[in-house]
1. Go through (1) part of a helix (DSSP H, G or I); (2) more than 18 Å from residue 113 (Cβ to Cβ) and name the single condition residue 30 misses.
2. Can you report the number of residues in region 112-158 which are touching a helix residue (DSSP H, G or I) at 6+ places or on another chain (Cβ under 7 Å), modelled with pLDDT under 85 and closer than 18 Å to residue 97 by Cα?
3. Inspect region 5-27 for any residue being under 18 Å from residue 109 (Cβ atoms), open to solvent by 60 Å² or more (accessible area, probe 1.4 Å) and in a loop (DSSP other than H, G, I, E, B) and give the result as yes or no.
4. I'd like the full set of residues that are touching an Asp or Glu at 6+ places or on another chain (Cβ under 7 Å), closer than 20 Å to residue 100 by Cα and open to solvent by less than 50 Å² (accessible area, probe 1.4 Å), limited to region 38-59.
Amino acid sequence: GGTSQIFAATKNSVHGVGSLEDYKRFCDKHTITIYHHAIAWPRGVSAFRGAPGPRLLRFHNVTPALYFLDYHLPFAVGAWLGRREAGVMARDASLALCLSASHFSAFEVATMGLAGDRGDVLPPFIRPIASTPPDPALLQHLKDGHLNLLSVGRLLPHKGQHALLQML
């Protein structure tokens, strides 16, 4: 048994989320730190890299900046910096383990310099959709004679939804 705590850029007492400053007080050599990396956060990466106990990187992939350049420059910069930070963490020899959300993400973090013996794939914990009963009201709504498409994820150019629509 053990305890766990979530920390973020800002404290949210309602949801039990501690601040980065709380993390620094909480953390000791027995603390296993799991860092979920997605976009640039220099203060968080610095705290993670300075953690005195074992460190585990949870890599979800960082969308390449070029996909945001035409739409949102600050987000493109954050993505570019986030990919750079991911590479720095991947090459850190003191990193205990990197768990990627997919084989694609595992390949990508390996190309950033992660040694093969320090990485593995752990898909997100998602309740199987087959065990979820269909919503009768939604099913009725979808029986409108039109083609209905479902996309789970963000609508971004590199996700390829436009290519799927063109194929139809």
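1. Among (1) part of a helix (DSSP H, G or I); (2) more than 18 Å from residue 113 (Cβ to Cβ), the lone unmet condition for residue 30 is (1).
2. 1
3. Scanning region 5-27 turns up no residue that is under 18 Å from residue 109 (Cβ atoms), open to solvent by 60 Å² or more (accessible area, probe 1.4 Å) and in a loop (DSSP other than H, G, I, E, B).
4. 40, 45, listed by residue number.
The values are calculated or read from the model by the stated rules, or taken from the named source; none is laboratory data. These numbers come from a predicted model, not from an experiment. All Cβ positions, glycine included, derive from the backbone under ideal geometry; neighbour counts span all protein chains shown. Protein only, heavy atoms only, side chains kept; ligands, DNA and RNA dropped before computing areas. Shrake-Rupley method; radii C 1.70, N 1.55, O 1.52, S 1.80 Å.
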